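Peer 1: Quick one: structure below, then a few questions.
The values are calculated or read from the model by the stated rules, or taken from the named source; none is laboratory data. All values reported here derive from a predicted model rather than from experimental measurement. Note that each Cβ is placed from the backbone with ideal geometry, even for glycine, and that neighbours are counted across all protein chains shown. Ligands, DNA and RNA are excluded from the accessible area calculation, which covers all protein heavy atoms including side chains. Shrake-Rupley method; radii C 1.70, N 1.55, O 1.52, S 1.80 Å.
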Amino acid sequence: MDLDVKAAPQEQATVEPSPTTLVEILKRPDIAERFAMVRRYFCLRESTYDMTRRCGIRCDGCYYYEGDKQNSQDNVDPEAWRRLLAAEKARGITFVVLAGAEPALVPQLLEACYTEIPLGAIATNGLVLIPKHVGYRIHISVWGDDRTSERVRRAKRMLERQIETYAGDPRAVFVYTFTRENIAESHGVIEQLAKHGCLVTFNVFSATVGYQGALTHTPATLAETRDTMLELLAAYPEQVLFSPYNAAAHTDTLSLHALYSCPYPRQNQGQFGLGRTFRQYRSDLTWIREAACCVPDTDCADCRHYAAGSAIVTARMNRHITSADQFRAWLDYVDTYLAVWVQGYSKHPNLCKVPVSPSLALQAKAGR
Ligand code: SF4
Ligand code: SF4
């Protein structure tokens, strides 16, 4: 989610003249106004933190319980976490993503983090209320209706309990993850969330390395997911934080990495942008550069995760300076990202109403 839109020095040196320029594109008043709005956030610098290895449920395909990070010994000392976040602030981190397993189980650690870096988001299953004075954005994971969640996440009345806990909470954004199996039922789930005034955004299931389960998408279910996302965006414009370009980028047959080149250290050991600043801390406060990304142990060839896209797509501004509409689409993506992740930022109407192809960004790279 690092809005590192400045190209790496190496990239700048090799850029050929593009069909159009940012200066020309910014002559359109709608684009200039939105660009001025979002560029105030270009200074965000993100890292992520696994707050605990504990979780009250076990979901099929969970990326946390894959790989060796799940074996870390939890550091449960709030003062140690406060010191870590103070050090993070000192090295320039301004935005934190607190995840895990289940961060709501360690509220005293969340409070300690909040005292040092008050901008960020918490990823939770939404079954336990996080204290109101922890003012981060709160992302509540939804994987289908209650029948599906009972089967896939082994938790009863999940959506009902999530709504009971977080409806009306200005911090809350419900994140519906589209899997191969739950596309049709999303209509009923979003209707239920909208009825309770809840904000929603969309995620696409991204398999962990070696995952063999039934949730992985096929080209056909990706296309169906895209159509469904667009229908839901049109049906619930007040509740759904998304854009046509988000739908296109996250349901392409190519992964986000294949389309845009992932800038996280796991794929980019360079000394610029996220490759230099991003760290993914485990619950014992250690981190490993080679494994660091916002969804570690996810298969990069299947990565369409909303959190990953928030960094991968936003970082590629230069590849969208190909036409006014392509740039509008990128601005819609950034506007969506800010509305989903930054407490207090509200979504604006999308500028580009049609889902322009993300492969145009790929061609822009190839042409350079
Ligand atoms: S709630 Fe989150 S951390 Fe817990 S098992 Fe499910 S996906 Fe994993
Ligand atoms: S899983 Fe996604 S975010 Fe992580 S390194 Fe691979 S492409 Fe990047």
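Peer 1: Net charge within 14 Å of Val204 by Cβ-Cβ distance, Lys/Arg positive one each and Asp/Glu negative one each, not counting Val204 itself?
Peer 2: Spelling it out: positives minus negatives among the neighbours equals -3.
Peer 1: If you don't mind, there's one more thing I want to ask. With a 1.4 Å probe and every protein chain left in place, work out the accessible area per residue of segment 49-187 in Å², rounded to a whole number.
Peer 2: Normalised by residue count, the accessible surface of segment 49-187 is 39 Å².
Peer 1: Identify which of Ile25, Ile321, Ile138 has the largest mean-square fluctuation in a Gaussian network model of the chain, with springs joining Cα atoms closer than 10 Å.
Peer 2: Ile25
Peer 1: Where only protein heavy atoms count, and the probe is 1.4 Å, what is the accessible area per residue for segment 230-363 in Å²?
Peer 2: 31
Peer 1: Right, next: Remind me, relative contact order of segment 243-312 in percent, using alpha carbon pairs under 8 angstrom and six or more residues apart?
Peer 2: Over segment 243-312, the number comes to 37 percent.
Peer 1: Cross-link partners among aspartates and glutamates for Lys195, C-alpha distance below 19 Å, same-chain residues fewer than 8 apart left out?
Peer 2: Asp145, Asp146, Glu160, Glu164, Asp169, Glu185, Glu231, Glu238
Peer 1: With springs only between Cα atoms under 10 Å, which of Ala86, Ala308, Ala172 fluctuates most in a Gaussian network model of the chain?
Peer 2: Comparing Ala86, Ala308, Ala172 in the GNM, the peak value goes to Ala86.
Peer 1: Could you work out how far apart the two model spin labels at Ser357 and Gln212 are, taking each label as a point 7 Å from the Cα in the direction of the beta carbon, and quote it in nm?
Peer 2: According to this spin-label approximation, the distance is 3.7 nm.
Peer 1: Given a 1.4 angstrom probe, I'd like the percentage of the accessible area of the chain that is carbon and sulfur, rounded to a whole number.
Peer 2: Carbon and sulfur: 54 percent of the exposed surface of the chain.
Peer 1: Say R0 is 35 Å: what FRET efficiency, to the nearest 0.05, do Gln108 and Arg40 get from their beta-carbon distance?
Peer 2: 0.60
Peer 1: Answer with one residue from Gln280, Leu199, Ser72: the one whose Cα lies farthest towards the positive end of the charge dipole of the chain, charges on Cβ with Lys, Arg +1 and Asp, Glu -1.
Peer 2: Selected residue: Gln280.
Peer 1: Quick one: net charge around Ser72, please, counting Lys, Arg +1 and Asp, Glu -1 for every other residue with C-beta under 12 Å from its C-beta.
Peer 2: After counting each charged neighbour, the total is 0.
Peer 1: Could you work out the helix-only [θ] at 222 nm for the chain, with each DSSP H run of four or more residues adding -39,500 (n - 2.57) and the total divided by the number of residues, to the nearest 500 deg cm²/dmol?
Peer 2: -10500 deg cm²/dmol
Peer 1: While we're looking at this one, here's another question. How would you rank 188-199, 273-284, highest first, on the average number of other Cβ atoms within 10 Å across their residues?
Peer 2: Packing order, densest peptide first, comes out as 273-284, 188-199.
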